[in-house]
Every structure is written in structure tokens, then in C-alpha cells.
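Values in this text are rule-based calculations from the coordinates and carry no lab data. Just so we're clear, the structure is a prediction, and the values are computed from it rather than from any experiment. A quick note on method: Cβ atoms are made from the backbone with ideal geometry, for glycine too, and the neighbour counts reach across all protein chains shown.
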Amino acid sequence: MNQADRNFGGRVRPKAESSTNWDNLVEIHHRGTAFVYLRLSTYEQLKKHLYSLQAQVGLADLAKQDGYSDEQIHVERRDLGLSGTLGWEEREGLAYLISQIETDAVESVYVVQICRLFRDQTLINAYSFGELCKQHNVLIITPQMRLNLNDRMHMRIYRLEAERAADELDIMKARLQGGQNLKARQGFYGGSSLPLGYVLDVRKQIEVNADLVDNPNYHKLIIFETHAEIIRHLFRMARIPGTTVAQIVRHCRNESIVFSPFPEELASVKANLKSLARTKRNSDGSWPLTFRGVRSILQNPVYIGWWVWAGEVVKTNNHPAIIDEEIFWAVQESFHSQPHRPRGELPPLPLSGILYCGLHEVPKRMVYSNKTPQQKRSNYQCRDDFNDAHLTIIADYLDGPIGEAVVSQCAYPELAGAVIERLTQEYEETKTRTAAFSREYERLVREIENLEYNFANASLTSDRAAKIELMIQERLARLKELSHLEGTEIGKLVGPAITQDDVELVQRFLSNLAEGWEVQPSNLKNAFLRLVLDRVTIWPSPNLIMARLTWRTGLEQDLAIHRPYFEPHRRWSDEEVEVLKKHFETMPRDELADLLLNKTWRQIRAKGLKLGLKRPIDHGGGGYAYEPWEDEILQQHYRGELSLSEVLARLDRTEDSVRCRMRHMGLKRRYDVKPQWEWVENTNVSTIEHPSGQAKSKD
């Protein structure tokens with residue numbers, strides 16, 4: 001064996017044969033189409049700033065010089081006038097090019113520069129197109145170079161050119177923003193979102209004394225009265241002491257107060273629509289009022305004529321005011337006086353992050369609200385899109401029974417090893433998922449900025465503007481979804497490493513869990529429940545809550561939680577209020593109660609007092625002492641075994657007398673009673689009725 005055959009224990013390795021044939025790397029075989037792609041944005045066509053259209057058309061001559069016949073050359077002109085920031089779905093010519101490449105009909109793509117294909121700040125579309133050309137052996141040819149993306153160096157050049165195109169967009173944007181900044185500091189529109197209630201004055205000339213003169217307010221704000229009246233209504237409501245933004249939004253929803261569509265002549269000005277680009281339209285084309293939008297409106301000094309740019313007050317009388325300064329500053333004082341309670345300071349409740357409401361076609365995750373000095377009890381809520389809680393359940397009704405049910409199913413010492421293993425595994429998975437979420441989040445933010453820039457500055461038809469608006473909404477929805485996912489990561493509950501001390505701590509915790517569950521802090525309960533449960537779905541009714549536990553193993557178990565009886569609150573109808581006004585002061589109690597069957601006497605009396613009505617004092621029951629058997633009935637009511645109406649039917653007492661006796665006995669709150677629960681089998685949750693009386697189907 002000679003020296004050339006020796007590898008000396010792997011120290012000498014044979015040279016890898018080069019897979020690249022440099023002689024024919026960019027050789028043209030004329031087996032497919034030479035696709036000449038032309039694109040020039042409207043701005044470039046008008047300013048003649050970059051590449052002329054004639055230079056791009058000359059690419060067809062270059063293809064002929066490369067030996068292509070006229071039949072083999074396809075010149076694509078449909079994307080002339082479109083921005084390179086648009087994706088392939090928004091450019092018909094580019095979409096056709098991609099479809100032809102996928103069918104292997106294209107051999108080479110002729111462009112004057114790589115930036116003609118994409119001017120994409122996210123680089124996602126540009127890189128995807130490069131990979132597509134690589135897979136189908138398509139050459140990219142410019143007047144300066146020829147690229148075969150199967151070669152690493154050529155792919156690197158292509159990517160550098162794509163990045164340079166994205167950087168050029170930033171430079172163009174900076175130049176444009178420089179002019180916008182100078183313009184805005186003079187009180188004119190600078191490209192930001194217009195406040196609702198105003199539109200942009202686009203009249204270059206106005207008529208004065210039958211003569212046309214330059215409009216001094218050109219590109220300034222003017223009042224759009226249809227929307228301005230809604231702004232005034234919001235400020236009038238906000239001035240009422242104690243009114244919150246949530247109450248204002250709920251009122252607007254109940255009264256069908258929306259921002260109506262702009263007339264055609266105003267809708268054609270894209271700046272007028274920009275502030276509403278992130279709001280999902282109603283079916284009739286109008287825009288609903290959102291919590292964030294109303295709060296922003298009520299704190300915006302633009303409505304008293306101020307012009308703010310880059311965080312500075314430029315002018316205080318720049319445009320006509322919609323709101324009087326007295327009203328505006330009164331509302332600001334109201335905002336300042338409202339206490340702010342940071343959510344991050346409150347520890348999570350045991351079921352936070354895993355509790356879902358089953359009264360929807362798709363179960364919806366519920367949020368929690370911790371007790372505070374103002375709020376005497378914690379609860380779970382299911383909120384709608386208007387941030388309105390349509391379902392509220394006292395936390396104690398769920399935390400105790402579900403915690404006991406989970407603890408009763410766990411074999412504690414045997415479970416410790418499995419929990420530690422699962423904890424370590426999910427910690428590693430969480431790091432990977434969180435990094436992926438962060439990358440996707442940043443990408444979506446860049447894409448939204450890109451789309452909004454294009455929406456505000458590119459020349460778009462109404463159809464294309466609607467498509468861009470839809471793309472923005474889709475990305476915003478994904479951002480919202482990602483924010484929820486990041487907020488529910490189990491890995492955030494653990495430290496950066498799992499040590500032997502952690503193992504021993506978990507083992508001790510699990511070994512004493514049955515005896516010490518009640519004394520554990522809520523955040524530790526939450527950490528444990530999220531480790532063993534995937535979710536808890538509930539279907540509540542007035543006196544019974546059906547809960548389905550979905551374990552991490554895939555097992556599902558149902559339990560029934562019997563909560564203390566309560567009388568569901570019902571709104572007063574106009575007819576009931578009229579009956580109360582007419583008969584409250586004169587009609588005997590029993591007869592009035594018969595007329596208002598859906599109301600307890602306490603509700604009737606409270607409503608009457610609220611309306612300013614007076615009624616003779618009715619002591620009832622003769623004032624005699626309570627017997628032991630009567631006290632036992634009150635105990636049954638406190639335990640949730642009897643309703644208040646059943647108690648009053650058995651005792652010759654008034655409701656006021658019953659409540660006074662219960663306070664004297666120390667029976668203060670029925671929701672303090674520990675709810676009872678039991679395992680159930682073959683539960684048909686689809687038959688459970690919503691408190692409104694309408695049955696909900698199971699997903």
C-alpha cells in the first residue's frame with residue numbers, strides 16, 4: 001500500500017470532488033421561456049429617479065442576444081406601476097411568473113435589477129423566490145450579472161442584492177419622512193393616521209369672491225361632521241362622574257353607534273382611511289368603536305385644535321376644534337383620578353390560563369380578576385370582543401372542587417419523577433417555542449409596517465386598498481394569537497435549569513399534597529395544575545356547573561359542581577318599571593309580587609327606592625322571636641339547599657326579617673359556602689342550558 005492509500009487513522013481525508021462545473025454554470029440551453037419581468041412603481045415612473053422603463057424593455061433585446069427566439073421570450077408588463085413591497089398575491093405578473101416556474105416552463109428570468117423582483121423589508125418573499133429558482137434550475141439574468149442559485153456564491157450574491165433592495169427602501173422612506181417631518185412641523189399632514197372626526201383638506205384652490213385662490217388649509221384637518229358628532233357624544237359620556245371606557249363602549253354597542261363609511265369622494269383619499277386600517281369592519285362597511293380606540297380618542301388633544309408631532313405640541317390653534325376645552329380638560333382630570341392597578345402585580349388564580357367557557361361553538365378561554373379592597377372576591381370571566389363580561393363565576397366555586405378532584409386522582413410519590421421529567425421537557429420545548437414566537441412576532445410587525453407604509457404612500461385602486469387592509473387584519477389577528485400563546489407558556493413558570501434540589505422540593509410537595517393543598521399559594525397551585533391538566537372546560541347553569549378535565553395524557557373526566565342557590569339577576573323591562581311606579585306606594589306586597597313574578601321583594605324594594613318611590617314600613621311576622629325550627633330553615637337556605645322564595649313560603653316572615661335574622665346568626669354570605677362536587681359519567685354537556693335559557697351545543 002503506497003502513501004496515497006493511507007489515511008493515518010482519519011487524520012488525512014480525501015479531497016471532496018467539486019460538484020460545480022464552472023464551465024456551464026450559467027450556460028443557456030434555450031429549452032424554456034426567457035421571462036422578461038418589468039416592474040416600476042408609480043413614484044419611480046413619475047420622478048425618473050431609478051431605472052427608466054426603456055432600460056427594462058431593453059431586456060428583451062438582451063434575451064435575443066442570448067439566442068432566444070421571439071416565441072421563447074415573454075415580456076410581462078402587468079406589474080408596471082406597482083410597488084415592490086407588495087407580495088406575489090398582489091402582483092399578477094409576479095404570480096404568473098411563479099406559476100410558470102413551478103411548471104418548469106421558465107429557463108431564465110431577465111430583470112434590470114434584483115430589486116425589480118422584490119423590495120421586501122422582511123426578505124421572506126425574496127428568499128422564497130430564490131429557493132424556488134434553485135429547485136427548478138432557473139437562471140436570474142441582469143445586464144450586469146448572471147446567477148445560478150444552485151451555486152452557494154451565486155445564492156449569496158442574490159441574497160445580498162435582496163438585502164440591498166430592502167435597505168434602499170429604508171433610505172427612500174427616510175428621505176420621504178424628512179420632507180414629511182418638515183411639512184408636519186408647519187401644521188400640515190405629515191403621513192400619520194388622521195384622528196377620527198377629521199378628514200384631510202385636499203382642495204388646492206378654493207373660491208373667494210368668485211375667484212380661485214390657493215387654499216391656505218391645503219393638507220390640513222377639516223371636520224367631518226358625521227364622525228365628529230360621535231366624538232362629541234363620547235366626550236359627553238366620559239364627563240359623567242364614574243363613567244368608565246368599558247361602559248362607554250358597551251353603551252355604543254347597545255345603541256348601535258358606529259363610524260359610518262365615508263362618502264366616495266372622501267374614501268378615495270387614503271389618508272382618511274388610515275386610522276381605521278386596523279379595525280375590522282362590520283358587515284355593512286361601518287367601523288365599530290373599540291375599547292382601545294375610545295380611550296385613545298378621549299386622551300387626544302387634537303380635538304381642541306392642538307397639533308402634536310413627534311411628541312411635541314407644534315401648534316395650539318392649528319385646525320378647527322371639535323371639543324370645547326372645558327369638556328376636554330374635565331375628561332382628562334377624570335382619567336387622571338381613576339386608580340391604575342397594574343395586572344402584573346396580581347398573582348394568578350389556580351385555574352388561570354387553562355379555564356375555558358364551553359358556551360361557545362369553540363370553547364373560549366376565560367380571564368381572571370383578583371380580589372382587591374374595592375373588589376371583595378376573585379372571579380373568572382368570559383369576555384366578548386368588546387371586553388364585556390357576559391359570564392362571571394366566583395373563583396371559589398371552581399378552585400376548590402377542581403383542585404380537590406385533581407388531587408384525589410394523583411398518586412403523589414409515584415408522580416414526582418414523571419412531573420420532574422415533564423417539567424424539564426416542557427422547559428426545553430418552551431425555550432424553542434418562545435424563540436420561534438419572538439421571531440414570527442418581529443416578522444409580522446415589520447410586515448404590518450411595510451403594508452401600512454404602502455397603504456399610505458402607494459397609488460392603489462380601491463380593490464387593492466381593500467386587499468391590503470385585509471392583509472393587515474390577518475397579520476394583526478396572528479399577532480393577537482401569538483400574544484396569547486406567549487402569555488400561557490408553561491416554561492415561564494420554571495427557572496433556567498432543573499437541579500436536584502428542585503427534584504427534592506417537588507417530591508416533598510407531592511408527598512404532602514393531599515393534606516396541604518388548601519394552604520398552598522395560588523400561584524403554586526396554578527403551576528401544578530398546568531403541569532397535569534391541558535384545560536378545564538365548564539358549562540355553567542344557575543345551580544350546577546359541569547366541568548370537563550382534560551389531562552395532559554389525553555384522558556377526559558367530568559364532574560358536577562353544585563354551587564349555592566342564587567337568584568339570577570334580570571334586567572328591569574320598561575313594562576315592569578311602569579308597573580312599579582304605578583303600584584309600589586299603594587298595592588299590598590303580595591299582590592305587587594304577583595305582578596312582578598321574576599323579581600324578589602328585595603329587588604322590588606331596591607328598585608322602588610332608586611326611583612324615589614316611598615312605601616309604608618312593613619315589619620311583617622308580628623315581631624315575635626324565631627323558633628329553633630325556623631332557624632334550621634335559615635341554615636338550609638345558607639347551605640344552598642333552599643331558595644329564598646322557598647324560605648319565605650315556609651315562614652310567616654318578610655324578606656327583611658329573614659335577612660336580619662341571618663345576619664344576627666352570622667350567616668353573612670351564601671357564596672362563602674363550600675360548593676359540593678361529584679364525579680359523573682357519560683355526561684351530555686350539550687343539554688346544559690345557558691343562564692339565558694338557550695341551550696348551547698357541545699363542540
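Taking R0 as 45 Å, what FRET efficiency do you get between GLN332 and MET665 from their Cβ-Cβ distance, rounded to the nearest 0.05? Write out the running numbers ahead of the final one.
Values: r = 50 Å, r/R0 = 1.10.
Computed FRET efficiency for GLN332 and MET665: 0.35.
Given 0.36 nm per residue, what is the gain on full extension from VAL75 to GLN144 after removing their alpha carbon distance, in nm?
On the way: separation 69, 0.36 × 69 = 24.84 nm, distance 1.93 nm.
Working it through step by step, the gained length comes to 22.9 nm.
If you wrap the Cα atoms of the range 182-329 in a convex hull and average its projected area over all directions, you get 10.2 nm². Under the simplified labelling scheme, the ILE157-VAL308 pair shows an inter-label distance of 5.2 nm, with each label point 7 Å from Cα along Cα→Cβ. Treating r as the C-beta distance of ARG478 and GLN409 and R0 as 30 Å, the FRET efficiency rounds to 0.25.
Normalising by the residue count of the range 123-164, find the relative contact order in percent from Cα pairs under 8 Å and 6+ residues apart.
36 percent
For the range 245-338, what class follows from the C-alpha gyration tensor (a ≥ b ≥ c being the square roots of its eigenvalues): rounded when a/c is under 1.5, otherwise prolate if a/b is larger than b/c, else oblate?
On the way: a/c = 2.14, a/b = 1.20, b/c = 1.78.
The shape class here is oblate.
Taking 7 Å steps out from each Cα toward its Cβ at VAL445 and GLN205 produces label points 4.7 nm apart.
Around the Cα centre of the range 107-161, unit charges on the Cβ atoms of Lys, Arg, Asp and Glu (plus for the first two, minus for the last two) sum to a dipole of about 120 debye.
When Lys and Arg each count +1 and Asp and Glu each count -1, what net charge do the other residues less than 10 Å away from ARG146, Cβ to Cβ, add up to?
Working: positive: none; negative: GLU27, ASP66.
Combined, the nearby Lys, Arg, Asp and Glu give -2.
In this label model, ARG31 and SER283 are separated by 5.5 nm, measuring between points 7 Å along each Cα→Cβ vector. Treating r as the C-beta distance of GLU92 and GLN186 and R0 as 35 Å, the FRET efficiency rounds to 0.30.
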